Structures are given as C-alpha cells and as structure tokens.
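Engineer: To start, I am sharing the structure in question, which I have written as structure tokens.
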Amino acid sequence: MAAARPALARALLQQCVSARLQVKPPERGSEAEWVEIQRGLVIYICFFKGADEDLVPKMVNALLNVKLSENESSEYVSVLDLPGDVLIIPQATLGGKPKGRKMQYHANIEKEKGLELYSHFVTLCEKELATNTKCVEAGVLIKHGTYGNRQVLKLDTNGPYTHLIEF
C-alpha cells in the first residue's frame, strides 16, 4: 500500500449568517477597519510546504462549487448557486500539530510564498464570482483578511456547520 502524500493545503469552511473581520486594529486617532459579509461562506485557508500556483485553481473550484449551503427549498447548493458572500481568512494555525503540550507549525509554507499563494487564491475567487451571473445580479461580496496579521472575527453561524477539506 502506497503512503498517502502529505496535504499541500487545508481549508476550513464555515457557513455564516454574517461575519465581520477586523483587518486593521485601531490606532491613535483612527478607528479599526473591518470587512463584513452577510449570508454565505467563511473560508479559512492554510498552505503547507510543497504547495504551488498549480494547486490554487483546483482549490478555488472545489471550495466555491461544493454543495454546503442550504437554499430556501432546503436543497444543498454551492455558495455560487445560493448565491452568497465569501470571506477569506488566512489561518496558519490550521497547519499546527501538537508536540507535547505545545503546537508546532513546521509543515506550514514559508511566509513570503504563503502570501503569494493566498493573494492568488483571493484573486481567483474574485474572478470566479465576477464571472458568475447569479453572483453579479445578487451583488455578492467577496472580502478577505490580511496575511500574517492577527485579526478579530465576529461570526454569526446557522450551524455549527463546519467542514475541513485538505488538498
């Protein structure tokens, strides 16, 4: 039996009624900056060592087309068919493995390459929603967090309804 290849990326999908992500903390003289979506999907994403540009289109296709969202007829449809908003959050902690009482992140991709892949992922998601007639007509939003920074998330779910997908 052949050994399974290690995952190159991991995504956690969470249905939401609304979500709000702080992308810039408050500073002296200015308030915090937030991005916000309504009903749709929150995608947490983490890339591992060995991931490359070729993986990103496969991920976008799978994550935006998987039938996880319930429509008004109680049928499961993709976020594109719902249509629903999308919030993408970089989440390096998805790559953690416990060692003793601590977490280690040795499998995570190096920061510069991770930023490059994350940016490519966001761009392809934006293009996919912009070319989807249902999403355009519904005014669907796609928002994203900032890579490499701590961010505050406020999330209202219609679940819990969370799925982990590895690539």
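Engineer: Has segment 109-118 got at least one residue that is in a strand (DSSP E or B) and either in contact (Cβ under 8 Å) with a residue 60 or more places away in the chain or more than 14 Å from the chain's Cα centre (by Cα) (or both)?
Structural biologist: Looking for residues that are in a strand (DSSP E or B) and either in contact (Cβ under 8 Å) with a residue 60 or more places away in the chain or more than 14 Å from the chain's Cα centre (by Cα) (or both), one finds none in segment 109-118, hence no.
Engineer: Mind checking which residues of segment 78-101 are at pLDDT below 95 and in a strand (DSSP E or B)?
Structural biologist: Answer for segment 78-101, where residues must be at pLDDT below 95 and in a strand (DSSP E or B): Lys97, Pro98, Lys99.
Engineer: Which residues, taken from segment 1-59, are out of contact with any Leu (no Cβ under 8 Å at 6 or more places or on another chain), closer than 24 Å to His163 by Cβ, open to solvent by less than 30 Å² (accessible area, probe 1.4 Å) and in a loop (DSSP other than H, G, I, E, B)?
Structural biologist: Ala7
Engineer: Against the condition out of contact with any Cys (no Cβ under 9 Å at 6 or more places or on another chain) and modelled with pLDDT under 95, how does Gln15 come out, does it pass?
Structural biologist: yes
Engineer: Restricting segment 71-84 to residues that are in contact (Cβ under 8 Å) with a residue 12 or more places away in the chain and not small (Gly, Ala, Ser), which is most open to solvent (accessible area, probe 1.4 Å)?
Structural biologist: Per the stated criteria, the residue is Asp81.
Engineer: Turning to a different aspect of this structure: I'm checking my understanding of the structure. Among residues of segment 130-150 that are more than 14 Å from the chain's Cα centre (by Cα) and crowded, with 17+ Cβ neighbours inside 10 Å, which one is farthest from Val23 (Cα to Cα)?
Structural biologist: The selected residue is Asn132.
The values are calculated or read from the model by the stated rules, or taken from the named source; none is laboratory data. Since the structure is predicted, the reported quantities are computational estimates derived from the model, not experimental observations. Here Cβ is always computed from backbone atoms with ideal geometry, including for glycine, and neighbour counts include all displayed protein chains. Keep in mind that these areas ignore ligands, DNA and RNA; they rest on the heavy atoms of the full protein, side chains included. Shrake-Rupley method; radii C 1.70, N 1.55, O 1.52, S 1.80 Å.
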